[in-house]
1. Could you please give the count of residues in the stretch 169-197 that are on the phi > 0 side of the Ramachandran plot and either assigned to a strand (DSSP E or B) or aliphatic (A, V, I, L, M) (or both)?
2. Looking at 109, 147, which one is modelled with pLDDT under 95, more than 23 Å from residue 281 (Cα to Cα) and in contact with a helix residue (DSSP H, G or I) (Cβ under 7 Å, 6 or more places away or on another chain)?
3. Residue under question is residue 288, and the condition is that it be surrounded by 15 or more Cβ atoms within 10 Å (Cβ to Cβ), touching a Pro at 6+ places or on another chain (Cβ under 9 Å), free of Cβ contacts under 8 Å to residues at least 40 places away in the same chain and assigned to a helix (DSSP H, G or I); does it hold?
4. Would you mind finding the one in 122, 129, 111 that is farther than 23 Å from residue 154 by Cα and surrounded by 20 or more Cβ atoms within 10 Å (Cβ to Cβ)?
5. Report, by residue number, each residue of the stretch 24-45 that is of a type in the set (D, E, K, R) and not in a loop (DSSP other than H, G, I, E, B).
6. Working carefully through the options 308, 264, find the one that is in a helix (DSSP H, G or I) and either free of Cβ contacts under 8 Å to residues at least 24 places away in the same chain or among the basic types (Lys, Arg) (or both).
7. Might you let me know whether the stretch 9-23 holds any residue that is free of Cβ contacts under 8 Å to residues at least 24 places away in the same chain, surrounded by fewer than 17 Cβ atoms within 10 Å (Cβ to Cβ) and in a strand (DSSP E or B)?
8. Tell me, please, whether a residue that is surrounded by 16 or more Cβ atoms within 10 Å (Cβ to Cβ), out of contact with any His (no Cβ under 6 Å at 6 or more places or on another chain), of a type outside the set (A, V, I, L, M) and more than 22 Å from residue 159 (Cα to Cα) can be found in the stretch 31-48.
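The values are calculated or read from the model by the stated rules, or taken from the named source; none is laboratory data. The structure presented is a predicted model; accordingly, all values stated were derived computationally and were not measured. No Cβ is skipped: glycine too gets one built from the backbone with ideal geometry, and neighbour counts run over all protein chains shown.
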Amino acid sequence: MAKWQFTKGLHDVGDGCLAYLQPDGGWGWSNAGLVVDGEENLLIDTLFDLKLTQEMLDTMRNKFPSALRIKTLVNTHANGDHTFGNQLVADAEIITTEQTAAEMLERPPELIKRLKANRAELGEGARFLYDMMAKNFDWDEVVYTAPTRTFSERLDLKVGDKEVQLIYAGPAHTKGDTLVYLPRDKIVFAGDLLFVGGHPVIWAGPVTNWMRACDTILGWDVDIVIPGHGPISDKAGVRHFKSYLEYINGEARKRYDAGLSYYDASTEISLDPYMDWIDSERIVINVASLYREYGMKEQPTVLDLWADMSRFHKAGLCNCGRMHTGFKAN
């Protein structure tokens, strides 16, 4: 959407609705949102560390002094790049799906801190995770900050006079993905149910459920869709993203039926239709997740997948629209 440039910081997308963007939208560089009406406010997601989250909150408060005290926080899913800043608004009511709350407890900050600290001993997967993502963020002071309220399918909120609908649309990217829909404003904060300009990650699946989430957005009267990563978009961006899910599902299924391993399949699938998307090494994770849906018996660990992405990258297969400057091929 040419109206909003993909630049770092706060972008006004409507009366009291704001998106906070972090280019380039790759590993860990997530978006967030703010909804304000009078003295009421709702924060949508925090960022991957305390420095980034504090900078975002300061920017929001400079524009809206009523955001000095965040009253409600919605975490769209459990990943740290959307939750690790929660402690800076710990006095707020923190809302997630039941599934997200469970997943946050399973993957607290301490887990990724250990991966970062022990990467030399944990092998290639941990080293690649560090080079791609962990080196850019500081988690030393991050502590687990739990939700204070959960819901199962749908929760309707009011922010002043604004109607906000929280819709559980997962599992897809993770187990607990939530859409934040403002019907009167015709705006959706999609969390990581939408990536724009970058390959997504299918951590949970099934992919058909993710496609249904796209259809849910497409069925609404919506003009603006804020993704979890990437520039502000609209329904055309959702349709293009859904086409990616359909494409890799079809291509992976053919190779699974032909007996290829998930890694070999990921190297064979042409990504030419998405040549300008960043982070194409994620095709390895996505094909592995699809193979799991198809019935693959031996499941790789998360570090196995990171090691295979390193292998994919070193083989020169990462046609991701920009080089990963943090990666050291050694």
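1. Final tally of qualifying residues: 1.
2. On the way: 147 fails: modelled with pLDDT under 95.
Exactly one residue qualifies, and that residue is 109.
3. Values: surrounded by 15 or more Cβ atoms within 10 Å (Cβ to Cβ): yes; touching a Pro at 6+ places or on another chain (Cβ under 9 Å): yes; free of Cβ contacts under 8 Å to residues at least 40 places away in the same chain: yes; assigned to a helix (DSSP H, G or I): yes.
The answer is yes for residue 288.
4. Exactly one of 122, 129, 111 is farther than 23 Å from residue 154 by Cα and surrounded by 20 or more Cβ atoms within 10 Å (Cβ to Cβ), namely 129.
5. Going residue by residue through the stretch 24-45, those that are of a type in the set (D, E, K, R) are 24, 37, 39-40, 45.
Once the filter is applied, which keeps residues that are of a type in the set (D, E, K, R) and not in a loop (DSSP other than H, G, I, E, B), the stretch 24-45 yields 37, 40.
6. Numbers: 308 fails: either free of Cβ contacts under 8 Å to residues at least 24 places away in the same chain or among the basic types (Lys, Arg) (or both).
Testing whether each residue is in a helix (DSSP H, G or I) and either free of Cβ contacts under 8 Å to residues at least 24 places away in the same chain or among the basic types (Lys, Arg) (or both) leaves just 264.
7. Scanning the stretch 9-23 turns up at least one residue that is free of Cβ contacts under 8 Å to residues at least 24 places away in the same chain, surrounded by fewer than 17 Cβ atoms within 10 Å (Cβ to Cβ) and in a strand (DSSP E or B).
8. yes
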